[in-house]
1. Give segment 157-166 a look and list any residue that's open to solvent by less than 50 Å² (accessible area, probe 1.4 Å) and among the small types (Gly, Ala, Ser), or say none.
2. Only one of 169, 186, 178 is modelled with pLDDT under 95 and loosely packed, with under 15 Cβ neighbours inside 10 Å. Can you tell me which?
3. Suppose the filter is over 14 Å from residue 132 (Cα atoms), assigned to a helix (DSSP H, G or I) and open to solvent by 50 Å² or more (accessible area, probe 1.4 Å); does residue 215 pass it?
4. For segment 189-212, enumerate the residues that are touching a strand residue (DSSP E or B) at 6+ places or on another chain (Cβ under 8 Å) and in a helix (DSSP H, G or I).
5. Among the residues of segment 107-164, write down those that are modelled with pLDDT under 90, of a type in the set (Asp, Glu) and closer than 20 Å to residue 60 by Cα.
6. Within segment 8-44, count every residue that is at pLDDT below 90 and among the β-branched types (Val, Ile, Thr).
7. Is segment 50-73 home to any residue that is touching a residue at least 40 places away in the same chain (Cβ under 8 Å), within 20 Å of residue 189 (Cβ to Cβ), assigned to a helix (DSSP H, G or I) and touching a strand residue (DSSP E or B) at 6+ places or on another chain (Cβ under 8 Å)?
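The values are calculated or read from the model by the stated rules, or taken from the named source; none is laboratory data. The structure displayed is predicted, hence computed values, not measured ones. All Cβ positions, glycine included, derive from the backbone under ideal geometry; neighbour counts span all protein chains shown. Note: areas computed on protein heavy atoms with side chains; ligands, DNA, RNA excluded. Shrake-Rupley method; radii C 1.70, N 1.55, O 1.52, S 1.80 Å.
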Amino acid sequence: LMEQNNEYFVISEENGILVLTMQAPGNNLMTDEFFRQYEELMTEISKKKKLKGLIIKGSARHFSVGADVGSLAERSSTESETMNGDYDFSQGHVKQKKLVTFLHDLPYPVVSVISGFCIGSGSEIAVNSHIRICEPTARVGQPESTFGILPALGGIARSVEICGLSKAIQLVFTGELIPAQEAYEIGWADIMADKKQGLKKAIDLIEWISANVSEYKPSETECYISEFLKNEGDIDL
């Protein structure tokens, strides 16, 4: 058993499964300090070998309300002054994007367990995970367009990958928040769990994959989930 805490996160390991719990102020508002501490933890996680999986969740009612829009707008205007060309990106943005898209490249299952709000940059953590498990209270979306910006941490490409182009465009350009059941119906959520049962479901799924899959491949997750749910008796054979 390994446990490590900082102000915004708790990370524990049991039986080869890491659980990363976000506990930042303001329902996991993703401020500069949030990303600083997140980077420290991701650096540690990237060094760990032989894990069965990683679970990401919120500590209370919400997964994450996303980035601090005020500081985002302020940073965008400051950084735009230092950019050289139309296709230039700030170093801060490039680094942040790598920290989120890196989740998708991990060689074991990365599962986001979602209750309450999972929006904006919080939603980008979820879509860069391999698997999303929603509890009934989940509300998900990419409301960036309503503030005149776009999801830029891999959210657009991953949304297209998991929901298809037309649904992804609808989510990104309307900025609407959708309930858990709708997220499941459009393919954004992979599994629906009962209230407060998401973590247990994620652990069971990772244990099942570990026991039944010799080499984990993110591209095969639909197959793994389908077999796991059959095994659980959650769907008709």
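1. Residues satisfying the conditions are 159, 164.
2. Values: 186 fails: loosely packed, with under 15 Cβ neighbours inside 10 Å; 178 fails: loosely packed, with under 15 Cβ neighbours inside 10 Å.
Step by step, each of 169, 186, 178 is checked, and only 169 is modelled with pLDDT under 95 and loosely packed, with under 15 Cβ neighbours inside 10 Å.
3. Numbers: over 14 Å from residue 132 (Cα atoms): yes; assigned to a helix (DSSP H, G or I): no; open to solvent by 50 Å² or more (accessible area, probe 1.4 Å): yes.
No, not satisfied.
4. Residues of segment 189-212 touching a strand residue (DSSP E or B) at 6+ places or on another chain (Cβ under 8 Å): 189-193, 198-199, 201-203, 205-207, 209-210.
Correct list: 198, 199, 201, 202, 203, 205, 206, 207, 209, 210.
5. If the condition is that a residue be modelled with pLDDT under 90, of a type in the set (Asp, Glu) and closer than 20 Å to residue 60 by Cα, then 124 is the only one that fits.
6. 2
7. no
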